[in-house]
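Enquirer: Starting off with a structure, shown below.
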Amino acid sequence: MEKSADYLLVASLKAGDEKAACALVDKYHRRIYVFLRHLGHSWWESEELTQWTFVRAWQNINNLKNNQTLKTWLYRIAQNASREYWRKNKKRKMELNANEACVAVHSQNSQGGSHIAEEFDRVRQAVVKLPLKLRETIVLHYMLSFSIAEAAAVAGIREGTFKSRLNRAIKKLRKELAHQEKHYEK
Amino acid sequence: MKNKDSQSRDDERLIKILNRIGRMYGDVRPGFAERIKQQIPENLQPRKRDLTSIKAIMNLRIGKLIAAAIIVGEVILLLSLFGGVDLADRTYKQGRFLVKYYLPPVIKKWDNLVSCLEKRGHCNESKKQITTIPKESTARRQREHKPTTGGPQDKGIENIDAETLVAAVEREAGPGRPLEEKQSAEWPLLKTGKVQDSTAQTNEQAVIGAIKSFGRVTGTYPSKLSILTVMKEFRSAYKTRKAGKAIPDRALADTTKKLEWLCEFYEQMLRKGKEPAYYGDKVKPGKANTVLMRWRLVTGEYRVIFADLQIETVTAEKLGQLEAAPLQ
């Protein structure tokens, strides 16, 4: 059903319908913002990149091929925007506001103590420390619950490649967490 | 074994945590969507198909300078072939006519064209003169038929009225052609070597098919044949449909393509000056003898699609009566 709705949305956008452009924003702006936040951008960077994603989408809607879905296409634009940003700002370290993460976790776990929040925070820090490509796979598949096929389409790689990348990402994440644990114990 | 078990348990736990983290940051600042919407460009217009070739070149990801050079070359070529606004109308049409016969496969079909013209009595005396033209060298052809503002004209082509020739060929090609063949075959007659009456029929069937598909979803006909209006109406009608009546994606894609084609077909006829008219906003579906759409044929008669989706060829007088009827 979502696919059909997206198909109509695309057709209307291609026809130059301004309402469809608004509908596109309403439907996807939150998801794209969350995706960018998980990729390690600060809130204001994520907002800028989200805006940029939609501007690019409106400009290039005619380039959307029939075999592509609107959802994966939008995420791909956002991902490219993020990559471009990191390329241009190599020196800038990824923002990780630990307090922010803790607050979010606390608000979700009313009964959970600071122990859970710390664990979540450590995992999140470890994800942000991963190389960009591995981080993208983790975010797409595990955090945003994309299927392997969808996530591979967003990443622009084959499913097999995506799976192996995912495997590597998990291994690296585990290693990083173990390292953090040792550090924590010391 | 224990290690493996504990590792898989750790992995599961890790994945669960990742899923939980994924649900964070669900909130955006209030008014953020509105801020994005403000940036919707004013010229969010339907695609311009005329620029397709330029876009294709740009999409090749070749160097910007090379792309620019190709585009400039393309413009110069088009201007030299189809430009000539300052030239006399007749010379321009002759030049355009000859260019279409420039390609070798087309030259083979020359005799077919001449025989067609002979049957219609357009050039009884000039067969020899026409047939000699393609056999001449390319350079000579180019030199002789290069558009000129004065000077001696080629005698062979002088005997045939360019308008008559173009009209005759258009008559053979039918009133309209499917869009897929738009670029590859300017004249289906020359591509297939046969008179393509079926091409016109195919177009008519496609038009009716597109209107039917639209009607199936909306229950009416499109009020206008502009792509923007059609898509708006279609989308709003589709939205109001019940969930159980959802159309499969492929069918939806087909319908959208058909509607795009219909609008393009109508635009094409407008550009060609075939006097098309469409009365979707005034006509009720299924009403016989009420004109839904019409366009002029080369013969001067009109092809009419009625509201019950029957199609007929009528004279200009009859059309006048038919069109006046709903107003009365």
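The values are calculated or read from the model by the stated rules, or taken from the named source; none is laboratory data. Quick caveat, the model's predicted, so the values are computed rather than measured. Quick reminder, even Gly has a Cβ in these numbers, built from the backbone with ideal geometry, and neighbours come from all protein chains shown.
Enquirer: Scan segment B:224-232 and give yes if some residue there is at pLDDT below 80 and either closer than 19 Å to B:D308 by Cα or within 11 Å of chain A (Cβ to nearest Cβ) (or both), otherwise no.
Expert: no
Enquirer: Does B:R90 qualify as being modelled with pLDDT under 75, under 31 Å from the mean Cα position of the chain (by Cα) and at the interface with chain A (Cβ under 7 Å from one of its Cβ atoms)?
Expert: When the stated conditions are applied, B:R90 does not pass them.
Enquirer: Return the only residue of B:K258, B:K274 being within 17 Å of B:T202 (Cβ to Cβ), touching a Ser or Thr at 6+ places or on another chain (Cβ under 6 Å) and not in a strand (DSSP E or B).
Expert: Testing whether each residue is within 17 Å of B:T202 (Cβ to Cβ), touching a Ser or Thr at 6+ places or on another chain (Cβ under 6 Å) and not in a strand (DSSP E or B) leaves just B:K258.
Enquirer: May I ask you to say which residue of A:F146, A:F120 is surrounded by 21 or more Cβ atoms within 10 Å (Cβ to Cβ), within 20 Å of B:S6 (Cα to Cα) and among the aromatic types (F, W, Y)?
Expert: The conditions single out A:F120.
Enquirer: Still on this structure, please answer the following. Can you name every residue in segment A:4-43 that is polar (S, T, N, Q) and closer than 25 Å to B:V230 by Cβ?
Expert: Answer for segment A:4-43, where residues must be polar (S, T, N, Q) and closer than 25 Å to B:V230 by Cβ: A:S4, A:S12.
Enquirer: How do the pairs read when you match residues in segment A:51-66 that are assigned to a helix (DSSP H, G or I) with residues anywhere that are exposed (fewer than 15 other Cβ atoms within 10 Å of the Cβ), using Cβ under 7 Å and keeping only pairs 6 or more apart or on different chains?
Expert: Taking only residues 6 or more apart or on different chains, the pairs are A:Q51/B:Q39; A:V55/B:Q39; A:W58/B:P41.
Enquirer: For B:T299, state whether it is polar (S, T, N, Q) and assigned to a loop (DSSP other than H, G, I, E, B).
Expert: Spelling it out, B:T299 is indeed polar (S, T, N, Q) and assigned to a loop (DSSP other than H, G, I, E, B).
Enquirer: Moving on. Quick check on my filter: what residues within segment B:204-221 are of a type in the set (G, A, S), part of a helix (DSSP H, G or I) and under 20 Å from B:T240 (Cβ atoms)?
Expert: Matches in segment B:204-221: B:S213, B:G215.
Enquirer: Just to check your reading of the model, which residue among B:I36, B:I40 is surrounded by 14 or more Cβ atoms within 10 Å (Cβ to Cβ), modelled with pLDDT of 60 or more, assigned to a loop (DSSP other than H, G, I, E, B) and of a type in the set (A, V, I, L, M, F, W, C)?
Expert: Going through B:I36, B:I40 in turn, the sole match is B:I40.
Yes/no per residue for (1) among the aromatic types (F, W, Y); (2) within 21 Å of the chain's Cα centre (by Cα); (3) more than 7 Å from chain B (Cβ to nearest Cβ):
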| residue | (1), (2), (3) |
| --- | --- |
| A:S12 | no, no, no |
| A:A20 | no, no, yes |
| A:H41 | no, yes, yes |
| A:W58 | yes, yes, no |
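Enquirer: Sticking with this one: So, in segment A:1-30, how many residues would count as being within 19 Å of B:R23 (Cα to Cα) and in contact with a Leu (Cβ under 8 Å, 6 or more places away or on another chain)?
Expert: Counting residues in segment A:1-30 that are within 19 Å of B:R23 (Cα to Cα) and in contact with a Leu (Cβ under 8 Å, 6 or more places away or on another chain) gives 2.
Enquirer: Which residue pairs have Cβ atoms under 6 Å apart, sit 6 or more places apart or on different chains, and have a first residue in segment A:5-22 that is in the same structural domain as A:Q68 (by TED's automatic domain parsing) and a second that is of a type in the set (V, I, T) and in a helix (DSSP H, G or I)?
Expert: Close Cβ pairs (under 6 Å, with a partner that is of a type in the set (V, I, T) and in a helix (DSSP H, G or I)) amount to A:A11/B:T256; A:L13/A:I61; A:K14/A:I61; A:A15/B:I227.
This table checks each residue for (1) of a type in the set (F, W, Y); (2) more than 16 Å from the chain's Cα centre (by Cα).
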{"residue": "B:K272", "(1), (2)": "no, no"}
{"residue": "B:Y279", "(1), (2)": "yes, yes"}
{"residue": "B:R303", "(1), (2)": "no, yes"}
{"residue": "B:D308", "(1), (2)": "no, yes"}
